[in-house]
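The values are calculated or read from the model by the stated rules, or taken from the named source; none is laboratory data. These numbers were taken from a predicted model, which means no experiment stands behind them. Cβ: placed from backbone, ideal geometry, glycine included. Neighbour counts: every protein chain shown. Surface areas here come from the heavy atoms of the whole protein model, side chains and all, with no ligands, DNA or RNA. Shrake-Rupley method; radii C 1.70, N 1.55, O 1.52, S 1.80 Å.
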Amino acid sequence: MTLPDLTEDCSRCAGLCCVAYPFEAHEDFGLLKDADTPCPNLAPDFRCTIHEDLAKCGFGGCAAYSCAGAGQRVTQDLFGGETWRDDPDLLTHMTHALRVVRPIHEALLVLQEAAALPLPKDLQDRCAELTRALCPENPASVWDFEEDSVQEALASLPDFVESLAPFARDGC
């Protein structure tokens, strides 16, 4: 099984993080913005016009954000490279897909780290099982990620991670 790319590649995304999420000025964002509304700092090429100065401009939340590769997966794989600017009717569908796929990609990052731990066989097997469940074969739409088996695997991740505590390496 091959994992999807879990590193963001903004050049292959349609600026979904700059559209999907609401901003609240008091929560590390320099302005108030509703969900499914493009940030005014988003350029026509889907790049941030203040990217080099995010923290200085009050956008620490943006500076800290990572979609874990979900943005380009949604844009390229689920929407075939089409963007909400090309077809405004896609906006809410694309942002919904990002909000579904991003937690799955974050969970896959956690499972990737867990797989590197010296785990007993039963936990290694459970890690592999969860990873497989979070990677639907040939996903063609967001519905593939909303399947019960995928969402159940995602929901079981916190308990699995808690079971890894005795095997985690001490950071010292």
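Note on segment 34-76 and segment 3-28: Cα centroid distance 5 Å, given to the nearest whole angstrom. The label point for Thr49 and the one for Thr2, both projected 7 Å from the Cα toward the Cβ, are 3.9 nm apart. Rolling a 1.4 Å probe across the protein heavy atoms gives segment 30-113 an accessible surface of 50 Å² per residue.
For the chain, a simple Cβ point-charge model (Lys and Arg +1, Asp and Glu -1, everything else neutral) yields a dipole of about 400 debye relative to the Cα centre.
How much FRET efficiency would the formula 1/(1 + (r/R0)^6) give for Ala115 and Arg12, where r is the Cβ-Cβ distance and R0 is 35 Å, rounded to 0.05?
E between Ala115 and Arg12, to the nearest 0.05, is 0.85.
Sorting Asp45, Asp89, Asp125 by accessible area puts them as Asp89, Asp45, Asp125; the probe is 1.4 Å, largest comes first, and only protein heavy atoms count. Accessible surface of segment 37-121, 1.4 Å probe: 54 percent of it comes from carbon and sulfur atoms.
The figure for Leu91 is an accessible area of roughly 30 square angstrom, using a 1.4 Å probe on the protein chains alone. When each full DSSP H helix of the chain is screened for a Cα extent of at least 15 Å along its own axis and an average Kyte-Doolittle hydropathy of at least 0.5, the helices passing are 91-115.
The simple spin-label model puts a point 7 Å past each Cα toward its Cβ; for Asp34 and Ala63 those points are separated by 3.0 nm. A crude spin-label estimate for the pair Glu137 and His96, with each label 7 Å from Cα along the Cβ direction, gives 2.7 nm. Taking the Cα centre of segment 32-133 as origin and assigning +1 to Lys and Arg Cβ atoms and -1 to Asp and Glu Cβ atoms, the resulting dipole is close to 260 debye. Projecting the Cα atoms of Gly61, Phe23, His51 onto the charge dipole of the chain (Cβ charges, centred on the Cα centre) puts His51 farthest toward the positive pole.
Calculated mean residue ellipticity, 222 nm, the chain: -12000 deg cm²/dmol, from DSSP H runs (n ≥ 4) at -39500 (n - 2.57) each, averaged per residue and rounded to 500. Take the Cβ atoms of Asp125 and Asp148, set R0 to 22 Å, and the FRET efficiency comes out at 0.55.
Heavy atoms only, probe 1.4 angstrom, no DNA, RNA or ligands counted: give me Arg73, Arg102 ranked by accessible area, highest first.
Arg102, Arg73
For the pair segment 84-107 and segment 136-153, the centres of their Cα atoms are 14 angstrom apart.
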